[in-house]
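Everything below concerns the one structure shown next.
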Amino acid sequence: SNRVLRIERNVIRNCTLTQPPGTGTADDGLVWVNNLFINAFHGDYHSGWDNVFLHDTWVYDRATADIHYKLWQFKGPASVVNSLVWSDHPMPMVFQNADLDLEKYRRFQPRNNAYALPGQASWLVGVRKESLSDAQWQAAGKDAGSVRVADPDALGITRQGEAYSISPRSPATRCADPAYRNTNDVRFRISRDFFGKPRPEHPCAGAVEP
């Protein structure tokens, strides 16, 4: 018990998926910070401890990338905060299967994120077979403080090899929660970005600052 693993400043590319360990205790945790995931969804089946994503970025530029986050035998909890999801094609965000219960998506808590998602929003798919709109997703208590643009170019991202730069005028600069910049809890403190640049008073969502 009381084990926290922090995974920071990695490029995870074309590996199909990432996934956490299974069971643990309430004071355990996995914290993903300033990582860049390229065409790699997250498959989650953990139970009893916090799975936390802070200032991470997901880029989907292959048509075979068709889901962002999958809830399998998921008891949670999990949260995705101050992160950025960019896709050049329409894709659902969250899938859940029939394992355990049909309300498990309620234990998945994203907020203060930036999304570039072309086409009609499809936030929850799977056994519930619901393609929730932006308004329906937020009415379910999801993605408070987040922003979504339908035009991928509107997020102001320029790809640079495996990394990217982002415009200071991007909507992603206006949605992040600054509380993690200087929190006393060192497990969640994020004072610098993917490149080691100091995070400003009002940080940008995602792994990279303008």
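Among all the aspartates and glutamates, which ones have a C-alpha under 20 Å from residue 70's C-alpha, if same-chain residues fewer than 8 places away are not counted?
44, 50, 56, 61, 88, 99, 101, 103, 130, 134, 143
If you take the square roots of the eigenvalues of the alpha-carbon gyration tensor of segment 46-189 and sort them as a ≥ b ≥ c, do you get rounded (a/c under 1.5), prolate (a/b over b/c) or oblate?
Details: a/c = 1.73, a/b = 1.17, b/c = 1.47.
Oblate shape, in that a/c is at least 1.5 and b/c is the bigger or equal ratio.
Explain nothing, just the number: dipole magnitude of the chain about its Cα centre with +1 on each Lys and Arg Cβ and -1 on each Asp and Glu Cβ, in debye rounded to the nearest 20.
Details: 24 positive and 23 negative charges, 55 e Å.
The dipole magnitude comes to about 260 debye.
Read the figures in this text as sums done on the coordinates, not as results from a lab. Since we're looking at a predicted model, the values are computed, not measured. Because the Cβ atoms are built from the backbone with ideal geometry, glycine has one as well, and the counts that use them run over all protein chains shown.
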